[in-house]
Amino acid sequence: MGRDFELKIPGKDNSSKEILGSVIDRRQFIRYGFNTAAGVLATTFGVIGFAAILMPGGGGGGGDLAVKYWAKGREDDAWYGSKHLQPMMIDEFKAEAAKSAGKMAGASGIWNGVPVNVVYTPHEENKSKALEINVPRYQFGEGYDATGKYIGHFEDLADQEPILTPDHGIVISFGRCPHLCCIPGWQLVSNNFTEDSWAPGGTEEGGNKLFCICHSSRFDPTALELNENRNRANGQTFTYAGIKKVGGPAPVGIPMIPAVINGGVIEGITDYVDWLTFCD
């Protein structure tokens, strides 16, 4: 059974009147909390306009496979706040994960003009250990579409395409939610699902979920599955490898972008960009 969650909203007066007095950027969103700021922004700009405020848009910027940090508006609260638009380095994620209770680290980024989330999991270190709290590793599982139809097992495709198996503990996922193309992120807000912890099973238990700030869909970046979605432009369905949806209104999980490490730099592979076509 899924857990109730409570957003931790600091401050004395979180009224919409107070917020509407100025433009709301991501730092203000974090300060005032999801329920107030998201409601105001989504009503004012619509979901897609709201998303554009907080993350880069798609398209453009082609040719560079390196994933770069996107820290705009989070300079003071994200561990990577001083690294905006710098290439992501695997050692930086490992160092941050070593300091955390859940032994994972994540960051928002931009890759080839596309918004992404990057999460490090010490899979190789933990894969042979007992399956217990805060000993994270990848969980390869079966995928079911929005109707409950069985699509397949992650390893069915990974066996054919080995590049899909995460390299050096890095998973890159598309930075758009399959619900309404809003923003799933790593610790953009504070709640039970984003707390610094990990639990096995690919369920809503534990924290370290990617959490969509518009309608609260949750995704487990350690639970990898095969699933199916639809190209918004032409209506064609496609099968993809991605991270599992564990709660909320999103119909399915989020596609992966295969990762490689090149000289310590985290890079994405462009072989599967058709998986990103469920958003405009």
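The values are calculated or read from the model by the stated rules, or taken from the named source; none is laboratory data. None of these values were measured; they are calculated from a predicted model. A quick note on method: Cβ atoms are made from the backbone with ideal geometry, for glycine too, and the neighbour counts reach across all protein chains shown.
Yes/no per residue for (1) within 21 Å of THR165 (Cβ to Cβ); (2) not aliphatic (A, V, I, L, M):
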site: GLU92; (1), (2): no, yes
site: ALA101; (1), (2): no, no
site: MET104; (1), (2): yes, no
site: TRP111; (1), (2): yes, yes
site: ASN117; (1), (2): yes, yes
site: TYR120; (1), (2): yes, yes
site: HIS123; (1), (2): yes, yes
site: ASN126; (1), (2): yes, yes
site: LYS129; (1), (2): yes, yes
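The residues of the stretch 267-278 that are over 14 Å from ILE163 (Cα atoms) and buried (at least 19 other Cβ atoms within 10 Å of the Cβ), listed by number, are TRP275, LEU276, PHE278. Summed over the stretch 136-167, residues that are among the small types (Gly, Ala, Ser) and part of a helix (DSSP H, G or I) total 1. Among the candidates ASP280, ASP220, the residue that is among the acidic types (Asp, Glu) and at pLDDT below 95 is uniquely ASP280. When you scan the stretch 261-275, do you find a residue that is in contact with a Ser or Thr (Cβ under 8 Å, 6 or more places away or on another chain) and either at pLDDT below 95 or aromatic (Phe, Trp, Tyr) (or both), even just one? No, there is no match, as no residue in the stretch 261-275 is in contact with a Ser or Thr (Cβ under 8 Å, 6 or more places away or on another chain) and either at pLDDT below 95 or aromatic (Phe, Trp, Tyr) (or both). Of all residues in the stretch 215-230, those satisfying the criterion of being part of a loop (DSSP other than H, G, I, E, B) and surrounded by fewer than 24 Cβ atoms within 10 Å (Cβ to Cβ) are HIS215, SER216.
Just one of the listed residues (LYS149, LYS103, LYS99, LYS94) is out of contact with any helix residue (DSSP H, G or I) (no Cβ under 9 Å at 6 or more places or on another chain), among the charged types (D, E, K, R) and under 19 Å from GLY202 (Cβ atoms), and it is LYS149.
Looking only at the stretch 66-97, residues that are in contact with a Lys or Arg (Cβ under 7 Å, 6 or more places away or on another chain) and either among the aliphatic types (A, V, I, L, M) or part of a helix (DSSP H, G or I) (or both) come to 4 in all. If I filter the stretch 116-146 down to residues being touching a helix residue (DSSP H, G or I) at 6+ places or on another chain (Cβ under 7 Å) and hydroxyl-bearing (Ser, Thr, Tyr), which single residue comes out as surrounded by the fewest Cβ atoms within 10 Å (Cβ to Cβ)? The qualifying residue surrounded by the fewest Cβ atoms within 10 Å (Cβ to Cβ) is TYR138. Could you check the stretch 168-189 and list, in sequence order, the residues that are surrounded by 19 or more Cβ atoms within 10 Å (Cβ to Cβ) and not hydrophobic (A, V, I, L, M, F, W, C)? Residues satisfying the conditions are GLY169, SER173, GLY175, ARG176, PRO178, HIS179, PRO184, GLY185, GLN187.
Residue-level analysis places VAL246 among those that are surrounded by fewer than 23 Cβ atoms within 10 Å (Cβ to Cβ) and either in a strand (DSSP E or B) or at positive phi (or both). The conditions of being out of contact with any helix residue (DSSP H, G or I) (no Cβ under 6 Å at 6 or more places or on another chain), at pLDDT 95 or above, farther than 22 Å from ASP274 by Cβ and assigned to a strand (DSSP E or B) are not met by VAL171. Close contacts from the stretch 82-98, counting a first residue that is among the charged types (D, E, K, R) and a second that is surrounded by fewer than 16 Cβ atoms within 10 Å (Cβ to Cβ), with Cβ to Cβ under 7 Å and a gap of 6+ residues or different chains, come to ASP91/GLY264. Kindly indicate the residue of the stretch 98-116 that is modelled with pLDDT of 95 or more and not in a strand (DSSP E or B) and also nearest to the chain's Cα centre (by Cα) among those meeting that condition. Checked the stretch 98-116; the qualifying residue nearest to the chain's Cα centre (by Cα) is MET104. Of all residues in the stretch 253-266, those that are crowded, with 24+ Cβ neighbours inside 10 Å and over 11 Å from the mean Cα position of the chain (by Cα) total 3.
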